[in-house]
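Novice: Attaching a single structure in structure tokens format; questions to follow.
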Amino acid sequence: MFISVLELFTIGIGPSSSHTVGPMVAAKDFGDRLQHPAFSVASDMSCRIRCILKGSLAYTGKGHATDRAVTLGLHGYSPPDVAEENVDQLLAEIWELKSVSLESGRSVLFSPDRDIIFDCGESLPQHPNGMIFELLGPSGEFLLSETYFSIGGGFISTAAEIDQIVAPLQMEAVVSCQFPFDSARSMLQMAAASGLSIAAMKQLNEEQKIGSSALEHGLDSIWQAMQRCVARGLDAEGILPGGIDLPRRAKSLYTQLKKQAREVTLNDWMCVYAMAVSEENAAGHMVVTAPTNGAAGVIPAVLSYFVNHQGGTLEQVREFLLTASAIGGIIKYRGSVSGAEVGCQGEIGSAASMAAAGLCAVMGGTPYQIENGAEIALEHHLGMTCDPVNGLVQVPCIERNGFGAVKAYTAASLALHGSGQHFMPLDGCIAAMKQTGLEMSDKFKETSLGGLAVSISEC
């Protein structure tokens, strides 16, 4: 099993990897298909594009900016393209165009207000994050149709792909890399047999695919983006978009912490770093999917504390990210990181597990201690629901990232004080997380139909 560290950690925009990044990638893919000569019949005022959002994308798509993402994607933009752009200004320019221009000079009708449909009926059976893109002819006939699924972390699958794979995620064959671990158990066995660390095995797998130079550049770019995001979040003020008038708090908290340095605890720093990133995500700005946008603050918070307060080096940052991605890949393969599929245990829980593993590694932990730390962090997020108020990645998501970072640090500390031998294996915990998610009511899986989302009392 091989999922690249540069696939698990990607630079894009908020507020959601599954509801913003994934739909943008899918929309761009569909738009690219329209460049094929077979659709040369399309011209102004004759053909149009329609997008039908299903399941969780329909219920919380407005709050997660799914319609904005689809519009950007159909106009040829990908998440990295707009990471440093003024997205509001860009959308203002293209929203009213009423058509999508193709490379051939032709254009196809598309009006976001009319042609993006939020269908709150039955979800598609394969996955709760489904979307159907259609090219309709002059008389409404179907010229092209493709169904996509946003399966978490910005990954997408078509209907044909998702019916053929188990995870649901396409992955390289096990024979394609030197250390093809597809479980925590096989990872530990390979580490023991080779004498290598988890990060070293992951690095050799990556270098076999993309080379050492590309890997080093990619890891450094990820860390630089995380640092920019933290810095911007600590410097920004104002009200977050979405309609619930939630004020940013990270800058004010950061100012207080600097003034009261002697009284500040590790928990305080973890929370302020995590909230800085999460507020940037909620604002729709640049973040690193880690492994999702809803949980994007956890790993940068733990890393920022380690570097800023414990003297962590760039080489250790790379080791952290490689170790975290090894754990994240196993969780994605054997479980899920999608809030719409398994609740927030799959987002914050996975991020905390990855962060605990990475921190344990750079603090000198053995592979067994690293696996233990990852299990502890995930175990203590089991059952966590995804019930965002107003469909926004704000309440409870912003504070939840801070608590995820604190739990990650605690899990790593507990593991480092032990031998690495423990009762519940990480593989068992991942299986429990997935089964819990499958049995969880859809009300608590990113639909805003239960929990906190419906528990607001007006004064």
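The values are calculated or read from the model by the stated rules, or taken from the named source; none is laboratory data. Note that this is a predicted model, so its numbers are computed, not measured. Glycine gets a Cβ as well: all are built from the backbone with ideal geometry, and neighbour counts include every protein chain shown.
Novice: If you check LEU246 against the conditions, is it out of contact with any His (no Cβ under 7 Å at 6 or more places or on another chain) and either surrounded by fewer than 21 Cβ atoms within 10 Å (Cβ to Cβ) or of a type in the set (Val, Ile, Thr) (or both)?
Specialist: yes
Novice: Could you pull out the residue among GLU85, GLU7, GLU93 that is part of a loop (DSSP other than H, G, I, E, B), over 18 Å from GLU146 (Cβ atoms) and of a type in the set (D, E, K, R)?
Specialist: Working: GLU7 fails: part of a loop (DSSP other than H, G, I, E, B); GLU93 fails: part of a loop (DSSP other than H, G, I, E, B).
Answer to the selection: GLU85.
Novice: If you take the residues of the stretch 167-192 that are among the aliphatic types (A, V, I, L, M) and modelled with pLDDT of 95 or more, which of them is nearest to LEU426 (Cα to Cα)?
Specialist: ALA184
Rundown of residues vs (1) at pLDDT below 95; (2) in contact with a Ser or Thr (Cβ under 9 Å, 6 or more places away or on another chain); (3) under 27 Å from GLY218 (Cα atoms), yes/no style:
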position	(1), (2), (3)
TYR305	no, no, yes
GLU319	no, yes, yes
GLY328	no, yes, yes
SER338	no, yes, yes
GLY346	no, yes, yes
GLY349	no, no, yes
CYS386	no, yes, no
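Novice: Which of the residues spanning the stretch 101-110 are touching a strand residue (DSSP E or B) at 6+ places or on another chain (Cβ under 8 Å) and over 13 Å from SER46 (Cα atoms)?
Specialist: SER101, LEU102
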